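Quick notes on the structure that follows.
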Amino acid sequence: MVTEKNYYDILGVKQNASADEIKKAFKKLARKHHPDTGGDEAKFKEVSEAYDTLSDRQRREDYDTMLRYGAFTGGMGGAGRGAAGAAGRGAGFGGGVGGGQGGWRTVINNVDLGNLGGIGDIFSRMAHGEGAFGTGWDFNGAQTQRAQKGREVHVTLEVSFEEAFVGAEKRVTIRIEGGGEQVIDVKVPAGAVPGGKLRYKGKGSPGVDGGEAGDLVIATEIKPHSLYARKGANVLIDLPISVAEATLGASIMVPAPDGSRVKLRIPADTKDGKTFVIKSKGAPRVKGEGFGELRVQAHLTLPAKLNEGQKAALEAFAVASDPSGFDIRPAIAKAIGASSVSVNAAPADGAPSVGSAAPTGGPASSDPSVGSAAPADGAAVMTDEGEAS
């Protein structure tokens with residue numbers, strides 16, 4: 001004979017488990033088996049049934065009493081059937097409950113224990129759908145429908161960058177399956193973040209068999225902005241800077257999302273991608289006080305086309321650069337055994353241009369990749385991130 005699991009086995013806890021341990025085990029199993037998340041509905045009902053009994057102090061005491069008297073040696077599946085056989089069948093519990101003129105008599109494992117008072121009352125309540133198994137049972141062989149809470153409804157609300165920054169009130173119409181349309185006044189908090197959730201209790205799908213309605217959960221989605229991006233309470237902005245500004249330094253006015261302007265000092269020798277942090281110029285913090293940061297990332301930007309003045313200035317800079325002491329590609333220079341510097345600027349006073357002279361002791365190189373060769377039109381150039389541009 002195979003003995004089926006009792007309620008403690010179903011929840012995976014010991015019989016002396018605390019109420020918190022039982023609750024924790026139930027939550028874990030309920031999430032795993034919930035039908036709305038693709039779980040096993042039968043398992044979910046089994047777990048819920050076990051928790052309904054063990055979470056109630058009186059029902060648990062009744063249930064534990066029956067366990068001590070071997071009421072379930074015939075298996076859990078016989079619980080309803082055994083009680084239904086109260087007229088003397090003795091199935092399911094390894095025994096049965098007999099009714100007569102002298103009151104309820106208890107038979108366990110084929111032993112007539114007579115009228116046990118409290119124990120008989122337990123079985124009496126069970127036979128009438130009460131006691132250890134809760135009021136949702138019909139012991140004529142089936143479980144009655146229980147009230148079930150409605151499902152959560154999840155929707156996305158798109159707001160502008162400005163609305164998320166300062167807050168907004170929006171009226172939206174939502175169609176709820178089985179519940180028609182609902183008009184909701186949504187209050188978007190100042191500093192709302194992408195993916196932030198607003199919960200409206202009882203505004204979701206209707207309940208079943210008298211159960212309460214589920215909740216409505218609205219997630220905020222922020223539209224892209226031409227200047228700014230959000231990362232939590234911090235606001236990000238890209239700042240293009242010229243070669244001269246990066247090399248010599250500069251002061252640049254930067255717009256803050258609150259409408260103010262901030263003078264940002266760019267120090268000399270600023271590298272591409274450097275981020276400057278301006279405190280308290282970001283978005284309001286939804287939870288907590290104060291504001292996030294405005295993070296300004298500098299990006300070195302080359303002109304699309306040089307004018308004659310710019311070209312002459314760069315050629316002069318190139319000639320002034322000493323290749324023996326200024327090589328931005330030291331690893332490449334080491335690999336080729338010579339300086340990697342090659343400049344196409346016109347030499348002053350007829351001197352040979354840097355990188356164009358023939359190597360000492362041999363003919364000029366005919367390799368087009370050496371010196372001033374440029375990529376062919378349309379050729380892809382690999383960036384340092386490893387992506388072709």
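The values are calculated or read from the model by the stated rules, or taken from the named source; none is laboratory data. Since the structure is predicted, the reported quantities are computational estimates derived from the model, not experimental observations. When we count neighbours, we look across all protein chains shown, and the Cβ atoms used for this are built from the backbone with ideal geometry, even at glycine. Note: areas computed on protein heavy atoms with side chains; ligands, DNA, RNA excluded. Shrake-Rupley method; radii C 1.70, N 1.55, O 1.52, S 1.80 Å.
Taking 7 Å steps out from each Cα toward its Cβ at residue 208 and residue 14 produces label points 3.7 nm apart. Within the shell of other residues whose beta carbon sits under 11 angstrom from the beta carbon of residue 33, the net charge comes to +1, with Lys and Arg scored +1 and Asp and Glu -1.
In this view, the solvent-accessible surface of residue 238, computed with a 1.4 Å probe and all protein chains in place, comes to about 100 Å². Go through the stretch 220-308 and name the GluC sites (Glu not before Pro) that are in a DSSP coil and have 10 or fewer other Cβ atoms within 10 Å of their Cβ. Here the GluC sites (Glu not before Pro) that fit, given the DSSP loop and packing criteria, are 289. The accessible surface of the stretch 156-259, taken with every protein chain in place and a 1.4 Å probe, is 52 percent carbon and sulfur.
In the stretch 215-332, the C-alpha radius of gyration followed by the widest Cα-Cα span (Dmax) gives 19.8, 72 angstrom. When the surface is traced with a 1.4 Å probe over the full set of protein chains, residue 44 keeps roughly 50 Å² accessible.
The local environment of residue 260, defined by Cβ-Cβ distances under 15 Å, has a net charge of +1 under the rule Lys, Arg +1 and Asp, Glu -1. At full extension, residue 272 and residue 170 could sit 32.6 nm farther apart than now, given 0.36 nm per residue minus the alpha carbon distance.
For the pairs 5/43; 32/197; 170/231; 231/263; 23/149, flag any whose C-alpha to C-alpha distance is greater than 20 Å. Listed pairs above 20 Å: 32/197; 170/231; 231/263. Taking 0.36 nm per residue of separation and subtracting the current Cα-Cα distance, fully stretching the chain between residue 234 and residue 156 would add 25.9 nm.
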